[in-house]
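Here's the structure we're looking at; comments come further down.
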Amino acid sequence: MIKKAVIVAAGMSSRLYPLTLEKPKGLLHVGHRPMLGRSIEILKKNGIEDIAVVLGYKREMIQEALGDSIRYIANPFYQQCNNMGSLWFAKAFVGNEPFAYLHGDIVYDESILADTLKHANENSNTMELVTDFTHTNEEAMKVRVTSENVLIESNKEIPLHEAKGEWTGIAYIKNVKATFEYIERILFGEGLNFYDTHAFTKMAKDGHKIFCSPTGPKPWLEIDFLEDYERAKELFR
């Protein structure tokens, strides 16, 4: 059973300037709650109480806002690495226990997590990526999958006509040892500035079963630009 969660929220979010010049993205309010607080609340409602947030940019502000009911992990290299580097800093926290993994800049219908968490707990896949199969775009973290929705690859460069959907930024990592082995191999051998999906794609190519669990029609958004934030406030009022 998944009882732990890691949320990565270390980045500077410069694409949302000027909103994020004084306040980190995770503290922007959607539906009267900061984005990070909203995810933490949803996780706890679903029985995941042991939660760590990986922080970098304006970390003290986030810690003060969210309080002491969760753990905090500092990523001092947040300006040099991407979200895969932030996830690596949570290695000691998760140990060898399966965990939910979330990006800190997503807003989503609460039932998406409840439904996909149930499926993840009932299966022995290496990993499950919560995936929106309804639409995608050039900027999205797109996926190619088999006919059984098993991951072939995930990256932004997949041509739209080959993409089946978009990864939401929510995952359930079951084979923790293998996942961190791949992450470390990339960080030490290739460099720091890679998306987490670079590791996931390598795992899929080596035969690890990474299932793409569908969101269905339920709404969710990744907040990268001002228009994303405005739309989120409308959708999740």
inquiry  = Quick check: the distance between the Cα centres of segment 210-235 and segment 36-83, to the nearest angstrom?
reply    = 20 Å
key: Å² per residue, accessible surface of segment 147-237 at 1.4 Å   = 50 Å²
ask   = In nm, to one decimal, how far is the Asn121 label point from the Leu160 one, both placed 7 Å along Cα→Cβ?
value = 3.9 nm
query = How many nm is it between the label spots at Leu19 and Asn193, if each spot is 7 Å from the Cα in line with the beta carbon?
reply = 2.5 nm
ask   = Given +1 on the Cβ of Lys and Arg, -1 on the Cβ of Asp and Glu, and no further charges, what dipole in debye does the chain carry about its Cα centre, rounded to the nearest 20?
value = 400 debye
message = How large is the accessible surface of Trp88 in square angstrom, using a 1.4 angstrom probe and rounding to the nearest 10?
response = 80 Å²
task = Pull out a ≥ b ≥ c, the square roots of the eigenvalues of the alpha-carbon gyration tensor of segment 1-108, then state rounded if a/c is under 1.5, prolate if not and a/b is larger than b/c, and oblate in the remaining case.
result = oblate
message = Among Gly104, Gly67, Leu87, whose Cα projects farthest towards the positive end of the dipole of segment 54-150, with charges put on the beta-carbon of Lys, Arg (+1) and Asp, Glu (-1)?
response = Leu87
key: Ranked by how many other beta carbons lie within 10 Å on average, peptides 50-57, 152-159 from highest   = 50-57, 152-159
query = From the residues Phe211, Gly26, Phe180, which one has its Cα farthest along the dipole of the chain in the positive direction, the dipole being from +1 and -1 charges on Cβ of Lys/Arg and Asp/Glu about the Cα centre?
reply = Phe180
query = Going down the table (Lys118/Lys218; Lys174/Lys218; Lys4/Lys25; Lys25/Lys45; Lys4/Lys45; Lys177/Lys202), which pairs top 18 Å between alpha carbons?
reply = Lys174/Lys218; Lys4/Lys25; Lys25/Lys45
message = In whole percent, and with a 1.4 Å probe on the protein chains, what portion of the accessible area of segment 76-235 is carbon and sulfur?
response = 51 percent
ask   = Using a simple spin-label model with points 7 Å from Cα along the Cα→Cβ vector, what separation in nm is obtained for Glu227 and Glu139?
value = 0.7 nm
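The values are calculated or read from the model by the stated rules, or taken from the named source; none is laboratory data. All values derive from a computational prediction rather than experimental measurement. Because the Cβ atoms are built from the backbone with ideal geometry, glycine has one as well, and the counts that use them run over all protein chains shown. With ligands, DNA and RNA removed, areas are computed over all heavy atoms of the protein, side chains included. Shrake-Rupley method; radii C 1.70, N 1.55, O 1.52, S 1.80 Å.
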